Structures are given as structure tokens and as C-alpha cells.
Amino acid sequence: MENTNQVVNAVESQNKIEPGGTLNIDGTVYAVGLLWQSLQNPDDPLPEIREVIESEPGYDLYCLRPASAPQYGIGKKSMGHAEGQPSAAAAVASAYADKTSVCAVFRIKEGWWFVSIRNDLILSEEDRLFVREEDAQRAFFSMMAVPDWDIKIAPSEWQIDGAEQVVLADLIKNARKVRLQELSAMRKTQFLIGIALFIIVVVIGIFYLISSLWDSVFTPKKIVAVPTPEVIKPVEPTPEKPKPWEKVPDTLHFLNKCWDNSYQLSNLTIPQWKMGTVVCTPTGIETSWSKQNGGRIAFFKAAIDEYRLSRVSVSLNDSGTSAKGTVQFTDLPTIATIPTLSADQIRDEFIDITQATGLPIQYSKQTVQDPPNNPDGSVPPNQQTYEFYAFTVSSGYSPWEWKEFFDKFSGLELLKVEYNPAIEATSNKWKYEGRIYAK
């Protein structure tokens, strides 16, 4: 674990959040420390929320935040969260409904509560309660590297230019309350809504039928020449194209799925068959097996049946000497992660980490055009160029030992994780590839 500690020290440990997930504001208990995610299907949110709660150990409550960019937050009863508690972050977002970007630290009796809202989205894992003031300051100053905040809130003694001190109780006392609930409560609500909609449809149908009969019996028919109206198509504004870092796979969920599936596949023992490298991408996992001397296709099929790998799609080649296994990811959530470092700062961080750990991190500065050039080489209108550093690193450290590195950089997109079970545990068993966008 000495090498592991070197990695953690080199990339700087993240702010330590003391236990506790509630604030008591004028007698009302508010939930903080929720994990916020963008809602992909506002019309049917239950399957999406259930999938995330079941994949995240400890989370058992949720709340829905309707907005221009709908979100849901999930919480833990183990942090003091309870059904019926309103979300403090959602209340602040409601109070500043006319603002799209808010960065705030509120001094309350429990400590210092930090929340960031960007482009009308409560940022993932930026709804945090700190016990130490210096940790709250560090989190606030890291977000100040991002420009164009509509409003900045901080204690007056911090002396932040352009920031104002706001009393949280006064701000949210009349704000809309978004409350935590359990999945069972949502099922009941949907059932009642369904019944109400059915009754409304029946009533409208009856009213329409009576109106039609009345008109046909008592209203004389008139033949009126109706001129054909001129159809004018409205000019639809061109939607703003999202930046590449505004919708990237959630690194924590990606690592979790890659680790779980790689571990299960590596424990699949097939006599006289050798397993190849496990390759994880945001779309799924792929690996292979090759027959060794003495191996048989019967051994392979028996092992697959014994381990009951229902999620793994397995196919053998025609000669029965090799096989391929794939796992598709259809539910990997995406998040917005705003770059906070310039290209030069990212390069300096890589140099420092390499010098501190001795790990061979390969990195190079690159650019991407969005949208790309046309097939004839011409540049399309409104093309934007984005800078990023691509990185590749191999080591014996597992994804969770590298989590501190991934958490250090905002604007990071993890593209690929490879796991080679044939390599000794102390060698370069894991390989990581990704990119970090520059602000």
C-alpha cells in the first residue's frame, strides 16, 4: 500500500466531508449531501432512478427537481436523510429561479454548506456540508476558476470581490420545497395520477358526445365558405450545441461497472482456456478466451453454464478455438463536469504527479473541432475548437486506488479502462485512458 499512498499524496486528497446530511433551519430539517443526476426521461423517471439507487450501495431515497434541465437527487437514510425532508439545494435553486449559475457558501450552525448551480443544474457532488471552514473555502475557490457566475455568496469576512453574504433561512423560507421520498411512494403517486387522467378523459368524452348530439338536433346547419388560411412556418431558433464536457459518462459509475464486471469475469475459471484482456468503455465491456493444449469446447460451455453469466453475451468461433464475451452498458448516467484548469496548468499537474510517483503517465496536448470539418475540407459555421490533454497510464493500482486522481480534475472524461488478468498483480495490470479539457 506504500505505492498507493504515493499516488494519493501526489494527486492531493479531496476535501474531507464530516458525517451528516441535514441542516436545521428555523425548525425545519433540510437534506444536504445529495447525489444529483440529470433526468434522461422526465415522462417516466421511475426506472431510471431505481436503476441508479440499486447500483449505488446505501442510497435509498430520492427527490425530483422539475426545471429547464430536470434533475433528481438521491440520498441515504444513514446520513440522516428521511422521507418528507426538503432538499436545501433545490430550495436555493428555486429561490434563484431567475439565475442560471450560483456558487454559494452559507455559514450555518452545523458548519459551512457549499452548493453550486451551473446552467440551471445542481452540480453532481457539489451539495456538501463541511465542518471545517478551510475545507469550505477550498471548495469555493476551486469553483471561482470558472467564469461568469450570476451570483456569488460567501461569508463577508472572506472578502470575496463581487460576493454577498446571505442568510440561508431568509432566502429559502418561501422557496418551493422538493421533498425526499421512497420508490414505493412514487408508484402510488403514478397510480393515482393514472386514475385521475382516466376519469378526466371519460368526462371529456361524455361532454363531447352530449355537445355533438345537441348541435346535430337543435343547431341548423349553415354552409359557410371558409378561405384557406395561409400557412406560415415559424422560424425555429438553432439550439445551442452543448460543449463536449457537458455530457460525459459519470466516472464513479463507469469505474464501478468496470470493476464489478472485470472482477466477475476474472474469477471465471475454464480448464485449459486462457482469458485475454478485459476492455471497458462507456458502451460496455469486451474480453476473449483462447483454447490451450488439452482444452475442449465442452469445458468452455460447462463453465459458462455453471457460472450463469446471464449478462454476458458469449460467442464461439467456427473452429471452437476462441471465444468472445461482451457486456452492454445501457444505463450509464452522464454528468456535466466544467473545466477549471488551463492547458498549461493541466500539463504542470501531470509533470508534478509523474515526478512524485515515478509512474509513466503519457500525456499530449490535443484539440477537437465541433462540429468537424465538412468532407470537402471546408469549415462549417459556428465551429468551436476545444483544447484537452489526452493521457494514458499503466499500473498495478485498481480503479478505486486511482479514484483520487480522477476526482482531482474537473473536465475529465474517462474513455477506456483495460484489465489484464494474465499479468502479475504487482505489475501493470490496469491501464487507463482519458482526456482532461482545458478551460
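The values are calculated or read from the model by the stated rules, or taken from the named source; none is laboratory data. The shown structure was predicted, so the numbers you read here are calculated from the model rather than taken from an experiment. We place every Cβ from the backbone using ideal geometry, glycine too, and count neighbours over all the protein chains shown. Just the protein is used for accessible areas: all its heavy atoms, side chains included, with ligands, DNA and RNA removed. Shrake-Rupley method; radii C 1.70, N 1.55, O 1.52, S 1.80 Å.
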Go through the residues of region 90-108 one by one and say whether even a single one is closer than 20 Å to residue 253 by Cβ, open to solvent by 10 Å² or more (accessible area, probe 1.4 Å), touching a residue at least 12 places away in the same chain (Cβ under 8 Å) and among the charged types (D, E, K, R). no
Condition met for residue 111 (at pLDDT 90 or above and either surrounded by fewer than 17 Cβ atoms within 10 Å (Cβ to Cβ) or of a type in the set (S, T, N, Q) (or both)): no
Given the conditions (1) more than 30 Å from residue 276 (Cβ to Cβ); (2) β-branched (Val, Ile, Thr); (3) touching a residue at least 12 places away in the same chain (Cβ under 8 Å), report the number of the one that residue 379 does not fulfil. (3)
Strands (runs of 3 or more DSSP E) wholly in region 341-439 with at least 1 residues that are among the small types (Gly, Ala, Ser) and exposed (fewer than 13 other Cβ atoms within 10 Å of the Cβ) - which ones? 362-370
Looking at this structure, is residue 101 within 18 Å of residue 21 (Cβ to Cβ) and not aromatic (Phe, Trp, Tyr)? no
Mind counting the residues in region 251-294 that are in a helix (DSSP H, G or I) and of a type in the set (Val, Ile, Thr)? 1
Looking at region 266-283, which of its residues are in contact with a strand residue (DSSP E or B) (Cβ under 6 Å, 6 or more places away or on another chain) and open to solvent by 10 Å² or more (accessible area, probe 1.4 Å)? 273, 274, 275, 276, 277, 279, 281, 282
In region 31-82, how many residues are in a strand (DSSP E or B) and not charged (D, E, K, R)? 14
Across region 144-163, what is the number of residues that are among the hydrophobic types (A, V, I, L, M, F, W, C) and assigned to a helix (DSSP H, G or I)? 2
Does any residue of region 140-153 turn out to be buried (at least 20 other Cβ atoms within 10 Å of the Cβ), under 24 Å from residue 252 (Cα atoms), within 26 Å of the chain's Cα centre (by Cα) and without any contact (Cβ under 8 Å) to a residue 40 or more places away in the chain? yes
